[in-house]
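Contents: one structure, followed by commentary.
The values are calculated or read from the model by the stated rules, or taken from the named source; none is laboratory data. For clarity, every value in this text was computed on a predicted model and none was experimentally measured. Because the Cβ atoms are built from the backbone with ideal geometry, glycine has one as well, and the counts that use them run over all protein chains shown. Keep in mind that these areas ignore ligands, DNA and RNA; they rest on the heavy atoms of the full protein, side chains included. Shrake-Rupley method; radii C 1.70, N 1.55, O 1.52, S 1.80 Å.
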Amino acid sequence: MLYSIEEFYSILPFIILSTGILISVLIEMYSSKSEKILPWFSIIIFSAAGFYSLLTVNSMSVIMQGMLQTGGIPNIFHFVFNFGAAITCLLSVDYIKKYGAFFGEYYILIQISVLGMMCMAGAKDLFMIFIGLEVMSVSFYALAGMNRKRLNANEASLKYFLLGAFATGFVVYGIALIYGAAHSTSIDVITASFPAMSGNVIFLAGVLLFLIGFSFKIAAFPFHMWVPDVYQGSATTIAGLFSTGGKAAAFSAIIASLAPLFAGSVHVFMPYLAVISVLSMLFGSIVAISQNNIKRMLAYSSIAHAGYMIIGLAAGNHAGIAGIVFYLTAYTFMNLGAFGIVSLIEGNGETNLDLNSYAGLSEKNPMLALLLSVFMFALAGLPPFAGFFGKYYVFISAVKGNITWLAIVGVISSAISVYFYIRIVVLMYFRDSQSGFTIKNSSAGMLAVIISFMLVILLGIIPGSVINLISSFLN
Amino acid sequence: MSLELFLFLVFAAVAAVSGILMITRSEVVMAALFLILNLASLAGLYLLLNAQFIAVVQVIVYAGAIMVLFLFVIMLLRPEHEKIVTKISGIRTFAFIIAALVFVQLAYVILKSHPGSALNSDVTASVNAGTVESIGTELYTNYILPFEAAGFLLLAATIGAVVLAKRKFE
């Protein structure tokens, strides 16, 4: 229930999005041109909700009977989800005709998944985290298998559904154990009683199961097996959304539920987090080298990036949390840009996806080659771009948290990963083209890539003020 | 022996026996019917815990709707004509390990929580908490946001299912 107009203003992004979803369903029902209207309608809704969240980032409040937190870090996440989804919709305008999923429900499902993500980021109660997770995941399962005629897409959807349901099982079991120990699902009550609970086996087992469930969703190493197949099988734009929005939402849920806990002196989960972080970084970076399909390569790179971000959780201090939020923001836009360019180059029927298709791209389309190089440099973490600062803040937090060895492993892994990112740049600029395909022009897709490019550059120019803003919400 | 204890023993025995019978039947329809019996006796246990509404929902939704769905799927797929899949080696051991883990953990929780200490403390409050009115009041005040979000969960599932099943692809 809403008790005042202030509460209404705080929850406005949710109201904009959910009203938008219902209107979209009506448009889909009554308009024969819904697949042409809905992408632009979705972009308007996402931009409105995203910018409103960013404008009201300083008004912190807890609303809806202690269920939802607005302002601060949740609003930064709302901005990232909404803007990422808007870019995905812009990329999809021309892409989904090529892919064979040219209908309006595609956009409605993206909208619903973003609503689920926002519930997770702002959650103040484990109920909200669970329901948000399910809203997001169910939309994602359907989106992964959007084109029923493609066997790859069917496999991706089924794999994602089965393993995702398995992961949800872990999360629910964890929540049940936490509730059993703490007698409440309210995150404030749970974190307040954490020091007293730190010897309670049931409580610790619950938190560990909760973390394991979310390790699936962020695609960390022992729980990564679905990632390459799902990213390869589903539409490229949707794979971009899975790797950015989905990952950011899972991290936002961990931060929303466990951030106060990581800030304390008791940090019993450091060994678990450190181990999965090291394994994800090294596994992702090394296996990505041997990939020949660019979507699979980006999938393994996304596993490695999950590893870098977990360093921030393992560090267990405010700098680590701020580093993760910055890293996720930067990663969302550089990865969406990379997937966007892959979707522009992809031909009908999942062609032009192997690395050799990128040979000689600088002559065929110098603009795309330049933009993809920037995204690859940013993903590799080279200095002037946003990706470098993301890694820098996370590694610094590890040093502050007295786990310097983890930062060193991170640096080694980044050095390994430079090889496969730069290989694409070398292919584009120093090899001759072997296949004579032409790239279809898509002005909407191009616009989306350029917006991502500008955000990557912007975050690389003003990382200090962004990280100061994020840190100011943590103290 | 009080009536409550007697009823508990009856429901618990039916639930346990029907559970074992369910997983040992080779005929799928029989297994499904024993699952109905299992779910119905669980509803009886909920009733003994003063959760009247949950008990009714258990009967209507699980023992009713979901079981009809199961039986329809069994009827449409006709699994009795299928060859029995060769057993995956080690799956039984794995299942035993998981079941043992869950059992040990449940036993630990139950023994640790001192059974009997909290019983009969305030029966009226407990009975009132299980009514439709109190659950409805909670849902529409304190839990309104998760309730609305669950509505969108159903919407996503419906749209996803309709798109995947009904859309014509060229």
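Numbers below:
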{"read-out": "Check on A:Leu38, open to solvent by less than 10 Å² (accessible area, probe 1.4 Å), in contact with an Asp or Glu (Cβ under 8 Å, 6 or more places away or on another chain) and part of a helix (DSSP H, G or I)", "value": "yes"}
{"read-out": "Matching residues, the range B:34-61, being closer than 17 Å to B:Val73 by Cα and either surrounded by fewer than 18 Cβ atoms within 10 Å (Cβ to Cβ) or in contact with a Cys (Cβ under 8 Å, 6 or more places away or on another chain) (or both)", "value": "B:Val61"}
{"read-out": "Output for the range A:335-352, where each listed residue is farther than 27 Å from A:Ile212 by Cα and open to solvent by less than 10 Å² (accessible area, probe 1.4 Å)", "value": "A:Gly337, A:Ala338, A:Phe339, A:Gly340, A:Ile341, A:Val342, A:Ser343, A:Ile345, A:Glu346"}
{"read-out": "Matching residues in the range A:51-72 - criterion: being more than 14 Å from chain B (Cβ to nearest Cβ) and either open to solvent by less than 20 Å² (accessible area, probe 1.4 Å) or among the basic types (Lys, Arg) (or both)", "value": "A:Ser53, A:Val57, A:Gly71, A:Gly72"}
{"read-out": "Residue check for A:Ile112: closer than 19 Å to A:Leu38 by Cα and either among the acidic types (Asp, Glu) or touching a residue at least 24 places away in the same chain (Cβ under 8 Å) (or both)", "value": "yes"}
{"read-out": "Of residues in the range A:128-162 being closer than 18 Å to B:Arg167 by Cα and of a type in the set (Gly, Ala, Ser), the one nearest to the other protein chains (Cβ to nearest Cβ)", "value": "A:Ala142"}
{"read-out": "Selected residue (only one of A:Ala144, A:Ala101 is out of contact with any Lys or Arg (no Cβ under 7 Å at 6 or more places or on another chain), buried (at least 23 other Cβ atoms within 10 Å of the Cβ) and closer than 22 Å to A:His224 by Cα)", "value": "A:Ala144"}
{"read-out": "Qualifying residue in the range B:85-98 (condition: farther than 22 Å from B:Ala31 by Cβ, modelled with pLDDT of 70 or more, under 26 Å from the mean Cα position of the chain (by Cα) and open to solvent by 90 Å² or more (accessible area, probe 1.4 Å))", "value": "yes"}
{"read-out": "Index of the failed condition, A:Glu350 passing every other in (1) assigned to a helix (DSSP H, G or I); (2) farther than 28 Å from A:Asn317 by Cβ", "value": "(1)"}
{"read-out": "Residues (hydrophobic (A, V, I, L, M, F, W, C) and in contact (Cβ under 8 Å) with a residue 24 or more places away in the chain) located in the range A:413-428", "value": "A:Ile416, A:Val418, A:Phe420, A:Ile422, A:Ile424, A:Val425, A:Leu427, A:Met428"}
{"read-out": "So B:Tyr108, is it open to solvent by 80 Å² or more (accessible area, probe 1.4 Å), touching a helix residue (DSSP H, G or I) at 6+ places or on another chain (Cβ under 8 Å) and either within 14 Å of chain A (Cβ to nearest Cβ) or modelled with pLDDT of 90 or more (or both)", "value": "yes"}
{"read-out": "The range B:138-166, residues that are loosely packed, with under 14 Cβ neighbours inside 10 Å and either under 18 Å from A:Phe102 (Cβ atoms) or over 26 Å from the mean Cα position of the chain (by Cα) (or both)", "value": "B:Thr141, B:Val162, B:Ala165, B:Lys166"}
{"read-out": "Residue pairs meeting the criteria (Cβ under 6 Å; at least 6 apart or on separate chains; first at positive phi, in the range A:349-371; second open to solvent by less than 10 Å² (accessible area, probe 1.4 Å) and at pLDDT 85 or above)", "value": "A:Asn352/A:Ile345; A:Asn352/A:Glu346"}
{"read-out": "Residues being over 23 Å from the mean Cα position of the chain (by Cα) and open to solvent by less than 10 Å² (accessible area, probe 1.4 Å) - total across the range A:356-378", "value": "7"}
{"read-out": "Set A:Ala274, A:Ala253, A:Ala259: member being touching a residue at least 12 places away in the same chain (Cβ under 8 Å), crowded, with 24+ Cβ neighbours inside 10 Å and of a type in the set (A, V, I, L, M, F, W, C)", "value": "A:Ala253"}
{"read-out": "Unique match (being of a type outside the set (Phe, Trp, Tyr), within 14 Å of chain B (Cβ to nearest Cβ) and open to solvent by less than 10 Å² (accessible area, probe 1.4 Å)) among A:Ala248, A:Ala235, A:Ala205, A:Ala220", "value": "A:Ala235"}
{"read-out": "Single residue of the range A:77-123 satisfying the filter (touching a Gly at 6+ places or on another chain (Cβ under 9 Å) and charged (D, E, K, R)) that is nearest to the other protein chains (Cβ to nearest Cβ)", "value": "A:Glu105"}
{"read-out": "Residue match in the range B:5-15 (condition: assigned to a helix (DSSP H, G or I) and over 20 Å from the mean Cα position of the chain (by Cα))", "value": "yes"}
{"read-out": "Where a residue in the range A:313-324 is surrounded by 24 or more Cβ atoms within 10 Å (Cβ to Cβ) and its partner, wherever it lies, is part of a loop (DSSP other than H, G, I, E, B), with Cβ under 7 Å and at least six apart", "value": "A:Ala314/A:Ile403; A:Ala315/A:Gly401; A:Ala315/A:Ile403; A:Gly316/A:His267; A:Gly316/A:Gly401; A:Gly320/A:Gly401"}
